[in-house]
Amino acid sequence: MCMKGRVHRYEGYPMWKTTVPIRVMRLVGVSDVIISTATGGLNRGYKIGDVMIIKDHINMPGFSGDSPLIGKNDERFGPRFPGMSNAYDKQLRQEAKNVVKEMGIEESVHEGVYVMLGGPSYETVAELRLLRLLGADAVGMSTVAEVVVARHCGMRVFAFSLITNKCIMDWDTDDEPLHTEMLSSHSGEPPDQMPAV
Ligand SMILES: O=P(O)(O)O[C@H]1O[C@H](CO)[C@@H](O)[C@H]1O
């Protein structure tokens, strides 16, 4: 089963609604989920077009209580308090890294931490500096809620992000992240790492 895009919290959907497709997949018998996402690169070693295999996340909306699991727990899917310490399956990540090595594209594929913000405004310089200090390598506005719901119902998760733009972490610049740039970095010639995907 394959999704063409997703809906986001900032589009006005409550977090649980953004993750309904994951539960539908579970109900029809899907056991493993592969999630892809566009992100801004916080890690200064990342370039536009690179891929980051997600090894962990920081759930910023979760810090303030905005979780897809809010409300009465549906025990048919999973427990009230699901663990998240091994959210991104180690074996699947290792298999992906083996493919990357076989293909000799290690330079443009990284492993890092994804931070989810609510959006839709892009981040200020001060916010991006804070996120970097917190240990995040890439920033986006999706993915985490899907992962939380997938793990809640026992699915294995592999997730990766395309670095569509570099985060602006310098106050002495007039640059602005533009959504059109994110879209153009999705299209055109496929980057070297596409065959690995
Ligand atoms: O995470 P996906 O849906 O790939 O989209 C990313 O790109 C959009 C911003 O350009 C945000 O929605 C962000 O989350």
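The values are calculated or read from the model by the stated rules, or taken from the named source; none is laboratory data. It should be emphasised that the depicted structure is a prediction, and the values quoted were computed from it without experimental measurement. Cβ coordinates were reconstructed from backbone atoms using ideal geometry, including for glycine residues, and neighbour counts include every protein chain displayed.
Considering only region 101-114, I want to know if a residue exists there that is within 16 Å of the ligand (Cβ to nearest atom), among the hydrophobic types (A, V, I, L, M, F, W, C), more than 30 Å from VAL28 (Cβ to Cβ) and at pLDDT 95 or above.
There is at least one residue in region 101-114 that is within 16 Å of the ligand (Cβ to nearest atom), among the hydrophobic types (A, V, I, L, M, F, W, C), more than 30 Å from VAL28 (Cβ to Cβ) and at pLDDT 95 or above.
Give region 43-53 a look and list any residue that's more than 15 Å from THR164 (Cβ to Cβ) and touching an Asp or Glu at 6+ places or on another chain (Cβ under 8 Å), or say none.
Matches in region 43-53: ILE53 only.
Condition first: part of a loop (DSSP other than H, G, I, E, B) and of a type outside the set (A, V, I, L, M). Can you find one or more residues in region 52-62 that meet it?
no
Output the residues belonging to region 1-29 that are more than 10 Å from the ligand (Cβ to nearest atom), part of a loop (DSSP other than H, G, I, E, B) and surrounded by fewer than 16 Cβ atoms within 10 Å (Cβ to Cβ).
Answer for region 1-29, where residues must be more than 10 Å from the ligand (Cβ to nearest atom), part of a loop (DSSP other than H, G, I, E, B) and surrounded by fewer than 16 Cβ atoms within 10 Å (Cβ to Cβ): MET1, CYS2, MET3, LYS4, GLY12, TYR13, PRO14, VAL28, GLY29.
Looking at (1) within 12 Å of the ligand (Cβ to nearest atom); (2) at pLDDT 95 or above; (3) of a type in the set (A, V, I, L, M), can you tell me which one VAL157 breaks?
(1)
Between a residue in region 1-30 that is in contact (Cβ under 8 Å) with a residue 40 or more places away in the chain and any residue that is assigned to a helix (DSSP H, G or I) and more than 13 Å from the ligand (Cβ to nearest atom), which pairs come within a Cβ distance under 6 Å, given they are 6 or more apart or on different chains?
Sorted first by the residue in region 1-30, then by its partner, the pairs are ARG9/MET15; THR19/VAL149; ILE22/VAL149; ILE22/ALA150.
Let me confirm something: among GLU127, GLU95, which residue is among the acidic types (Asp, Glu), within 16 Å of the ligand (Cβ to nearest atom), surrounded by fewer than 21 Cβ atoms within 10 Å (Cβ to Cβ) and more than 11 Å from the chain's Cα centre (by Cα)?
GLU127
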